[in-house]
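Notes follow the structure.
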Amino acid sequence: MNMIIVSHRYRLDEGASVSDEPFNAVVCRAGPCARSAGPLLQHLGAATGRCPHGVLISTGCVLRAERCLRAPGHDSGAYLMVQPCDLGRRPRGTAIGIGPVLTDVDAAAVADWLAGDSLDPARLDPRLRLT
């Protein structure tokens, strides 16, 4: 499996909230996620650039779900996993599944959550929480 670490330059606006909680955000760019992953990566790249301990990774399927094995007939949104970790990148707690991210508004909401004060899944819109 190939992984690409994505980085973007981003100028932090004064007063914007920034998380200092370390995390790895892994975005799927395979199968049915491919079409929606580009805009999501743009939003998450900007958010991750604001977080001193955030890493954004683009990779293949993160779910291995049945939907991923079929050829996509339509844009069914992108999925990602966010793993809180310590400064040494060791996992801390349970990975948080997010998706489907269907629209630019969804992508912006996930990016705001990622750069916010905490990685509490309860802060995400319930329809974006993968259960």
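The values are calculated or read from the model by the stated rules, or taken from the named source; none is laboratory data. Only a predicted model underlies this, so the values are computations on that prediction, with no experimental measurement involved. Every residue, glycine as well, gets a Cβ built from its backbone with ideal geometry; the counts of neighbours run over all protein chains shown.
Quick look at the numbers
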quantity	calculated
One residue from 45, 77 being modelled with pLDDT under 95 and either within 20 Å of residue 18 (Cα to Cα) or under 11 Å from the mean Cα position of the chain (by Cα) (or both)	45
Filtered residues of segment 24-43 (kept if among the small types (Gly, Ala, Ser), under 16 Å from residue 63 (Cβ atoms) and outside any strand (DSSP E or B))	30, 31, 34, 36, 37
Pairs, first within 19 Å of residue 119 (Cβ to Cβ) in segment 30-52, second polar (S, T, N, Q) and in a helix (DSSP H, G or I), C-beta under 7 Å, six or more apart	none
Index of the failed condition, residue 112 passing every other in (1) over 17 Å from residue 33 (Cβ atoms); (2) among the charged types (D, E, K, R); (3) modelled with pLDDT under 90; (4) assigned to a helix (DSSP H, G or I)	(3)
Only listed residue being assigned to a strand (DSSP E or B) and at pLDDT below 90, chosen from 57, 5	5
Among the candidates 112, 117, residue that is surrounded by fewer than 13 Cβ atoms within 10 Å (Cβ to Cβ) and either on the phi > 0 side of the Ramachandran plot or among the charged types (D, E, K, R) (or both)	117
